[in-house]
Every structure is written in C-alpha cells, then in structure tokens.
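Shown next, in structure tokens, is the structure this report addresses.
The values are calculated or read from the model by the stated rules, or taken from the named source; none is laboratory data. Given the structure is predicted, the values throughout are model-derived calculations rather than measurements. Cβ coordinates were reconstructed from backbone atoms using ideal geometry, including for glycine residues, and neighbour counts include every protein chain displayed. SASA here: full protein model, heavy atoms, side chains in, ligands and nucleic acids out. Shrake-Rupley method; radii C 1.70, N 1.55, O 1.52, S 1.80 Å.
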Amino acid sequence: MTDTDAQQPADEVPAAPQPHPWQDLPAEQLRLLRLAPLPTDRHTGARPLRFVQLGRAERHSPEQSLLRLSIDLPGQRVRREQNVLEVWADHRSREVRFGADKGLQIEPVNRGIGRFLMAQGILWARQRWPNYQVEGGALAVKDILTDDARLRRDHFLRALGFEVEYQDLLQLKATYGAKSVSALIGEWNRERLQQVEPLEAGAMLQQADQSLHEQEVKIGKLERKIELLKREDSSLRFTIGCLVTLALFQAGLLIWIATR
C-alpha cells in the first residue's frame, strides 16, 4: 500500500437524522371530555356514555409553531400513532399542515373525537395565521374498503372546509387541501362531545356520590325488609307444619275411634 492510498479517507457513514426537539411532546394542559351516549351502530357497535381526557401542548419558534392534541382513554391503551393530532405552522413558507401523512387514527371511532380534534386545530391556526396556506396531500386508499367509508371520509373533510378532488373516474386517487386557513371551519357536533369544565366535573362527581349514597340507603331498606319477610316466612312455615301435624293426629285419632 502506498502512502497516497493510506492517506485516502475511509467511506463516511451518513449520520442518522436527528429527531425534532418537539417530537413526542408531553401534554401540558388536561381537559375532560364527555362522549354522549348514542344508539348502537351496526358497524362500530355499542356507544355508551364515556369520559376521555384531552391533552394539549404547544410550542413556538421564529421558524415553526406546533399544537399537539392527544386523547387518553381510561383503562385502555392505544397504539402510539392513534388519538394524536399535530398541527404544524411553517412561518418561512407560510403554510399550515394538519396531521400526519398516514391520516388521523381515532379510537373509539364514530364518537365525534376526530371532528373535535380537527376543529380545535383549525381554531388554533385561524386565530393566529388565517392567511397562511394549507398544505394538502393525497388521501390513502388502502384504509378505505367500501364506498360508504369513502363517503364518510369525504363528508368529514368537506364539513371542516377542506376541498376533496379525484384524479380518476374510479375515484381511487384523491387529494385534499384548502386555499387558506381562513377557509376552514372549526365546528364539531357539540351534542355528541362536550368539554367538561372543572367545576362542572366536580358537580357531576358530587351528584354521582349523592346518588350512590341514596342507592345504598334504598338497598339497606330493601335488605332489612327481605330479612323481615324471611323471618315471617319461617314463622309461617313452622305454624303450617304444626297445623299439619295436628290435623294428621286428629285424623288418626278419629280413625282409631271409628274402628273400635
């Protein structure tokens, strides 16, 4: 090996991309959400009354701003990519991006959570940068298995102010977008999902505790009544047994007298 070969640098390994400092930002503000009870859906099943927790965190810099919303389900764990919406604002290109490329994945479905998260993100962006452009994108096809699912997805986006366009006659390739943030609509179905204030949550807990105490009093009264009825039933059974025995004795006595 010559000195020249020895002096040649080795192949450099490309450095791994560094994660964004705001990646996996923990929730800093917590709110309680009430999912109203709804009739059973033939596709998604039962939809009982339920309470979930909304987590919120935001960051700002001269280049970017981020709003991160997350939904936590009591007693239930979901995948990392589920129940999370991130809204990124790029101040250099004056654009706002909603969600990840894989789309918004919500659990439980059909309870109004996705619409609520998107509405919260839209309101946040409209209050700050209404003239920014909206970064659109392609809509995934693999997750839409039926025409009903496609129609529900399109209705979801259009109700929020997004434009949905198809590039083919079979309606397989679609894109979404909006002219500006101000064109989006930050509304959700408030009958299906309500934000619960701390005082309201306390009042609900107090009312539930009072109702529980009242139920315990009623149960105690019923248990005492049942015990009384059991004692009366035992007394009646003993009395009936005695009368039957006496009747049998008398019948036997009469038969004995008659045969003498």
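Against the empirical 2.2 N^0.38 Å (N residues), the range 145-187 has a Cα radius of gyration ratio of 1.23. For the range 163-258, a/c is not less than 1.5, where a ≥ b ≥ c are the root eigenvalues of the C-alpha gyration tensor, and a/b does not top b/c. That puts it in the oblate class. Per-residue ellipticity at 222 nm, computed for the chain from helices alone with -39500 (n - 2.57) per DSSP H run of at least four residues, works out to -13000 deg cm²/dmol.
A dipole drawn for the chain from +1 and -1 charges on Cβ atoms has a positive end, and of F98, T239, Q82 the residue lying farthest that way is T239. Principal axis extents of the Cα atoms in the range 109-207, from largest to smallest and rounded to whole angstrom, are 57, 35, 17.
P(r) tail, the chain: Cα-Cα pairs separated by more than 25 Å, 64% of all pairs. Computed on the range 29-199, with alpha-carbon pairs under 8 angstrom and 6+ residues apart, the relative contact order is 23 percent.
Charging the Cβ of each Asp and Glu at -1 and of each Lys and Arg at +1, and nothing else, the dipole of the chain about its Cα centre rounds to 1720 debye. Within the listed set S234, S182, S93, the residue fluctuating most in the Gaussian network model of the chain (springs between alpha-carbon atoms under 10 angstrom) is S234. Principal-axis analysis of the Cα atoms of the chain puts helix 113-128 at an angle of about 40° to the longest axis. Applying 1/(1 + (r/R0)^6) with R0 = 22 Å to the Cβ-Cβ distance of E191 and D148 gives a FRET efficiency near 0.45. I'd like the trypsin sites (Lys or Arg not before Pro) in the range 169-234 restricted to DSSP loop residues with at most 13 other Cβ atoms within 10 Å, sorted by number. Sparse-neighbourhood loop trypsin sites (Lys or Arg not before Pro): K173, K179, R190. Solvent-accessible surface of the chain, taken per residue with a 1.4 Å probe and all protein chains present: 71 Å².
Below 8 Å between Cα atoms, with a sequence gap of 6+, how large is the relative contact order for the range 107-260 in percent? The normalised contact order for the range 107-260 reaches 26 percent. Annotation: extensible slack from L38 through A159 equals 41.5 nm (criterion: 0.36 nm per residue apart, minus Cα-Cα distance). Inverting the pair-averaged 1/r between distinct Cα atoms of the range 21-118 gives 14.8 Å as its Kirkwood hydrodynamic radius. Taking the Cα centre of the range 209-259 as the origin and placing charges on Cβ (Lys, Arg +1; Asp, Glu -1), which of A251, L228, V217 is farthest toward the positive end of the dipole? Toward the positive end, the furthest listed residue is A251.
So for each of 194-207, 61-74, 24-37 I average, over its residues, the number of other beta carbons within 10 Å; can you give me the resulting order with the highest mean first?
The packing order, highest mean first, is 61-74, 24-37, 194-207.
Along the axis of the charge dipole computed for the chain (Cβ charges of +1 for Lys and Arg, -1 for Asp and Glu, origin at the Cα centre), the listed residues S180, I71, P130 are led at the positive end by I71.
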